[in-house]
1. Which condition number does His115 fail, the rest of (1) closer than 30 Å to Lys150 by Cβ; (2) at pLDDT 95 or above being met?
2. Looking at Lys129, Lys150, which is the one that is over 23 Å from Gln85 (Cβ atoms) and among the basic types (Lys, Arg)?
3. I'm trying to understand the selection: among the residues of region 79-99, which are more than 13 Å from the chain's Cα centre (by Cα) and aliphatic (A, V, I, L, M)?
4. Does at least one position in region 148-155 carry a residue that is within 13 Å of the chain's Cα centre (by Cα) and of a type in the set (S, T, N, Q)?
5. Would you pick out the residues in region 96-119 that are assigned to a helix (DSSP H, G or I) and not aliphatic (A, V, I, L, M)?
6. Among the residues of region 120-152 satisfying the criterion of being in a helix (DSSP H, G or I) and basic (Lys, Arg), which is most open to solvent (accessible area, probe 1.4 Å)?
7. Can you pull out the residues in region 159-193 that are in contact (Cβ under 8 Å) with a residue 24 or more places away in the chain, surrounded by 15 or more Cβ atoms within 10 Å (Cβ to Cβ) and closer than 16 Å to Asp134 by Cα?
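The values are calculated or read from the model by the stated rules, or taken from the named source; none is laboratory data. No experiment lies behind these values; they were computed from the predicted model shown. Cβ: placed from backbone, ideal geometry, glycine included. Neighbour counts: every protein chain shown. The accessibility values were calculated without ligands, DNA or RNA, using every heavy atom of the protein model including side chains. Shrake-Rupley method; radii C 1.70, N 1.55, O 1.52, S 1.80 Å.
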Amino acid sequence: ALGDLLAREGQELEARKEFEAVAEIYIAQDQLDRAQAACQRAIQLKSIDAHHLLGDIHLRKGLYEEARGELEKFLKIKAAVLPAQYKLGVCLVQKGSLDDALAVFGKILGRQADHVEALERMAEVYQKKGATRDAVAQYLGLAQVFAAQKIMNRAEETIRKALGIDGANVDAHKRLAELFEARGMRKEAAQSY
């Protein structure tokens, strides 16, 4: 109601912000149809950010082509927003456009090398494509990020994913051994070496 009132009074910027805020609340409450209506109202008032929100709503609903369209509209204006780029990559994976998804995730990693979700998705895409060496390299990169953040259980889990793809990978065994050493687990480290 406040957004409508502000729009009638010619305060479009404030009205857009109200509709965007309402959409975010509805998204958080998983009331996606209401969130979508609020986004569409904000878009009528020329909101760019509402395209990002609407893309997120479509993604949550499994409407990947619609999500892609909204996210691309948003990214034409605000290309540097990593969460929107990531969501676009997820849409592309779901649509089977694996090479395009790799390009999107690569852009993200070019801007933020320790972007956990992008590293994980890239590994999964490479695995789907049958590019074993690249998948292992991405998982090992992800494990390195977790180790640097002192999240050792996730680092170990990620290295084990790499070994699940290529059990003979020397670098993965070495990194697992180093991880065990850092945790004081000498017996396990010796077995990995």
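1. For His115, the exception is condition (2).
2. Lys150
3. Ala79, Ala80, Leu98
4. Within region 148-155, none of the residues are within 13 Å of the chain's Cα centre (by Cα) and of a type in the set (S, T, N, Q).
5. Across region 96-119, the qualifying residues are Asp99, Asp100, Phe105, Gly106, Lys107, Gly110, Arg111, Glu117.
6. The extreme case among them is Arg133.
7. Within region 159-193, Lys161, Ala162, Ile165, Asp166, Asn169, Ala172 meet the criteria.
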